[in-house]
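The values are calculated or read from the model by the stated rules, or taken from the named source; none is laboratory data. Source: prediction; values computed, not measured. Here the Cβ positions follow ideal geometry from the backbone for every residue, glycine too, while neighbour counts run over all protein chains shown. We work out accessible area using only protein heavy atoms, side chains counted, and drop any ligands, DNA or RNA first. Shrake-Rupley method; radii C 1.70, N 1.55, O 1.52, S 1.80 Å.
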Amino acid sequence: MSGGLDSTVSLWWALQKGFSCQALTFQYGQRHSRELSSARAVARQSQVPLHVVRFALPWSGSSLTSRKKPLPTRSSHKIGPGIPSTYVPGRNTIFLSFALSLADQIGAEALVIGANAVDYSGYPDCRRPYLRAFEKAARLGSKTGDEGGKLAVLAPLVHLTKAQIVRLGRKLGAPLEKTWSCYAGGKKPCGVCDSCVLRDKGFLEAGR
């Protein structure tokens with residue numbers, strides 16, 4: 001749970017489905033820790049335990065982890081093609097691996113991730129084929145799977161637009177006002193990074 005729009009709506013989706021949840025958030029050398037305070041606020045409201053995992057990727061050349069690289073910005077609601085500079089190599093694989101470790105330890109039946117591939121398909125580790133492949137690997141490489149237990153990777157937002165995610169979040173009563181999406185951090189969102197642009201686009205199209 002990053003503290004952003006997608007992961008927060010995914011948490012509320014899981015709670016509505018009747019899951020007993022535990023949340024994971026990560027400090028991995030990103031440019032700011034503002035999103036972590038949002039993750040904590042969301043976790044408090046949901047009354048879900050939050051685990052904070054810290055690690056570093058010293059080889060990452062992503063603009064999310066290096067202040068030497070400028071963040072991509074947009075003056076309109078259009079996101080360019082291709083893999084953006086904010087891509088962190090292997091990030092979702094690492095995140096899901098930590099989640100798998102926790103799930104295998106506590107006997108959880110599912111990993112829930114807020115991956116979304118409609119508005120921003122530039123991240124290859126947000127797409128359905130990747131998530132299906134990780135689910136297979138998780139079952140093959142875990143005690144839970146080896147003993148015949150259930151272990152699914154659920155991505156309830158993967159085929160939704162940002163506007164649909166906003167509408168779903170409102171319907172579920174998720175605290176969208178507590179979420180943070182801006183790549184730049186700070187006291188207020190920058191309004192021009194890719195993440196801000198996508199968020200703004202989603203709320204506008206949802207009529208909010």
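So which GluC sites (Glu not before Pro) in region 135-208 pass both tests, a DSSP loop state and at most 11 other Cβ atoms within 10 Å of the Cβ? Loop-located and lightly packed - GLU147.
With K and R counted +1 and D and E -1, the other residues having a Cβ less than 12 Å from that of SER46 yield a net charge of +3. Listed options for semi-axes √(5λ) of the Cα gyration tensor in Å are (1) 29, 20, 16; (2) 26, 20, 17; (3) 37, 15, 13. The value calculated from this structure is the one marked (2).
Protein chains only, probe 1.4 Å: how do ILE94, ILE113, ILE106, ILE165 rank by accessible area, largest first?
ILE106, ILE94, ILE113, ILE165
Estimated from helical segments only, the mean residue ellipticity of the chain at 222 nm is -12000 deg cm²/dmol, where each DSSP H run of four or more residues counts as -39500 (n - 2.57).
With loop membership from DSSP and a limit of 11 other Cβ atoms within 10 Å, the longest segment of the chain without chymotrypsin sites (Phe, Trp or Tyr not before Pro) is 60-208.
Working with all protein chains in place, sort LEU64, LEU50 by solvent-accessible area computed with a 1.4 Å probe, largest first.
Largest to smallest exposure gives the sequence LEU50, LEU64.
Among the listed pairs LYS162/LYS188; LYS17/LYS178; LYS68/LYS136, give every one whose C-alpha distance is greater than 29 Å. In this structure, LYS68/LYS136 exceed 29 Å between Cα atoms. Based on Cα contacts under 8 Å between residues 6+ apart, region 1-64 shows a relative contact order of 39 percent.
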